[in-house]
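**Student:** Mind looking over this structure? Questions follow.
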Amino acid sequence: MNIISNALGHVLRIIFELVQNYGLSIILFTIVVKVLLLPLTIKQTKSTKAMQDIQPKILEIQTKYKDKPEKQQQEIMKIYTEAKINPLAGCLPLLIQMPILIALFSVLREPVTYGVFVDQAQFATAAKGFLWIKDLTTPDVILAVLSGATTFLMQTLMMPKDQQQGSMKMMTYVMSAMMLFWGFSFPAGLTLYWTIGNVFAIAQHYLIMNPLRARSEERRVGKECRSRWSPYH
């Protein structure tokens, strides 16, 4: 984990040396990290969208074979095979990202330890004053609220419509409340990273999901047309 943290620390140091502003460095650093993780995110998003598309068929099979678990499992696996979906594919990118996210947390909490700054004095000077934030080493109320709000918006946008009730909806509120609480507890520099990351994820969601939805709708319409004009219909 220290290897990843040191590498990320040097990236943040290079960005800081270029722009000479720690707050702006964190924003640019967030964007760089998100862009590097983009292939994994796209893979995860596509897998999630594919799983959503076949969900009605799976629910139908679960209802039809509710008293025959073995048959139910066979039919569900058949659906996965026909759709060329690996049910675990959506989890793999997330597992790969976890060590990176933990390393990022360490770097932003202790930038001197991971080579971003020469010493604590340089860090303290660089962390003073960014936009309305007086000190990036202490919590900021406005940033905490923005962190909670953007987390809520991101979770709401990314949650499938058929899951926007019950426990999943409660999870959205819990995650947003946790980010709000952490925003009041952790240094503003870390909260700035979370907030910018949320904004990037929201924009990324629209850029990736809209084309996927469009292609999915085109395939659905195409199937309906072929079915309607089939000589066997």
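The values are calculated or read from the model by the stated rules, or taken from the named source; none is laboratory data. Being a predicted model, the structure only gives us computed values, none of them experimental. So basically every Cβ, Gly included, is an ideal-geometry build from the backbone, and we count neighbours across all protein chains shown. For the accessible areas, the whole protein counts, side chains as well, though only heavy atoms, and no ligand, DNA or RNA atoms are used. Shrake-Rupley method; radii C 1.70, N 1.55, O 1.52, S 1.80 Å.
**Student:** Can you tell me how many residues in region 44-68 are outside any helix (DSSP H, G or I) and buried (at least 16 other Cβ atoms within 10 Å of the Cβ)?
**Tutor:** Start the filter on region 44-68 by keeping residues that are outside any helix (DSSP H, G or I), which leaves 65-68.
Then drop every residue that is not buried (at least 16 other Cβ atoms within 10 Å of the Cβ), which leaves 65.
Matching residues across region 44-68 total 1.
**Student:** Then there is this: Against the condition modelled with pLDDT of 90 or more and either of a type in the set (Phe, Trp, Tyr) or not in a loop (DSSP other than H, G, I, E, B) (or both), how does residue 157 come out, does it pass? Full working, then the answer.
**Tutor:** Numbers: modelled with pLDDT of 90 or more: no; either of a type in the set (Phe, Trp, Tyr) or not in a loop (DSSP other than H, G, I, E, B) (or both): yes.
The answer is no for residue 157.
**Student:** So, in region 69-88, of the ones that are open to solvent by less than 80 Å² (accessible area, probe 1.4 Å) and part of a helix (DSSP H, G or I), which residue ends up nearest to residue 205 (Cα to Cα)? Walk me through how you get there before you give the answer.
**Tutor:** We begin by selecting, within region 69-88, every residue open to solvent by less than 80 Å² (accessible area, probe 1.4 Å); these are 71-72, 75-76, 79-80, 83, 85, 87.
Imposing the further condition that a residue be part of a helix (DSSP H, G or I) reduces the set to 71-72, 75-76, 79-80, 83.
On the way: 71: 36, 72: 33, 75: 31, 76: 28, 79: 26, 80: 24, 83: 23 Å.
Out of the qualifying residues, it is 83.
**Student:** A further question on this structure: Identify all residues within region 1-43 that are charged (D, E, K, R) and surrounded by 19 or more Cβ atoms within 10 Å (Cβ to Cβ); write none if there are none.
**Tutor:** The answer is 13, and nothing else.
**Student:** Can I ask one more? Can you name the residue in region 126-154 that is polar (S, T, N, Q) and either within 18 Å of residue 201 (Cβ to Cβ) or open to solvent by 80 Å² or more (accessible area, probe 1.4 Å) (or both) and, of all such residues, is modelled with the lowest pLDDT?
**Tutor:** Here the residue is 151.
**Student:** Could you look through region 20-43, keep only residues that are at negative phi and not in a helix (DSSP H, G or I), and pick out the one that is nearest to the chain's Cα centre (by Cα)?
**Tutor:** Restricting to residues being at negative phi and not in a helix (DSSP H, G or I), the top hit is 37.
**Student:** While we're here: Which one of these does residue 167 not meet: (1) at pLDDT 80 or above; (2) polar (S, T, N, Q); (3) surrounded by fewer than 17 Cβ atoms within 10 Å (Cβ to Cβ); (4) part of a helix (DSSP H, G or I)?
**Tutor:** (1)
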